[in-house]
Amino acid sequence: MKTASQLSKHTSSSPLAIIDQIVRDHNLDEGSAIVILQQIQAAFGYVGKPMLERVSQLTGIPASVLYSIVTFYTQFRLEPVGKNLIQVCHGTACHLAGAERISEVLQQETGVPEGKTSADGKFTVKKVACLGCCSLGPVVTVNEETFARVTPDKARQLIKEKRASCQCGHSNTEEVATID
Ligand code: FES
């Protein structure tokens, strides 16, 4: 799944053409596998299995090797995520500080079960391991932003603000593209 904004650089291209161009930009170079995968994720928001197969065809790198890369590095996602990727730290310190309640509130406010994406493509809510700022728990990240000492009220407010600031212009449906 990708949003129009995520593909602003490539609006006139098909998904496969975008992948082909990214790979060609790196001269079909096997040594650029990680950079190629990063750029595909930047364009689409994730790196799905059909994308890995296409990169494999073009570069000669076995799809199994590409798959092992995207599953090893936590920066990669194999499935599409919403416009707002919300990650709730469930490391020990955040767990003790009330992360479970924060996850519950976020799931209630977005209507999205753990690890899933809302039908309108606006929210994905995920539990993650330690985010590295344990004294500030419960810690939540929304895309590149980090929120410390999140309370249930703060969590509700956060969703309200993100919903209000969404500029996509779609109320309940967002145009998405997939490569299946
Ligand atoms: S336990 Fe949450 S940031 Fe470390």
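The values are calculated or read from the model by the stated rules, or taken from the named source; none is laboratory data. Please read all numbers here as calculations on a predicted model, not as lab measurements. Virtual Cβ from ideal backbone geometry, glycine too; neighbours counted across all protein chains shown.
Mind checking which residues of the range 53-62 are farther than 16 Å from A17 by Cβ and surrounded by 16 or more Cβ atoms within 10 Å (Cβ to Cβ)?
Matches in the range 53-62: S56, T59, I61.
Name the pairs whose Cβ atoms lie under 9 Å apart, with the first residue in the range 33-49 and within 15 Å of I61 (Cβ to Cβ), the second of a type in the set (K, R) and outside any helix (DSSP H, G or I), and 6 or more positions between them or separate chains?
Pairs that qualify, where the first residue is within 15 Å of I61 (Cβ to Cβ) and the partner is of a type in the set (K, R) and outside any helix (DSSP H, G or I), are V47/R77.
Which residues, taken from the range 15-45, are in a loop (DSSP other than H, G, I, E, B) and either surrounded by 18 or more Cβ atoms within 10 Å (Cβ to Cβ) or in the same structural domain as T117 (by TED's automatic domain parsing) (or both)?
G45
Out of (1) within 21 Å of Q21 (Cα to Cα); (2) without any contact (Cβ under 8 Å) to a residue 12 or more places away in the chain, what's the single condition that is false for K116?
Condition not satisfied by K116: (1).
If T110 satisfies every condition in (1) out of contact with any strand residue (DSSP E or B) (no Cβ under 6 Å at 6 or more places or on another chain); (2) over 30 Å from L16 (Cβ atoms) but one, which is the exception?
That leaves (1) as the condition not met.
Select from the range 121-140 the residues that are within 15 Å of the chain's Cα centre (by Cα) and more than 15 Å from E161 (Cβ to Cβ) and list them in ascending order.
G121, T124, V125, K126, K127, V128
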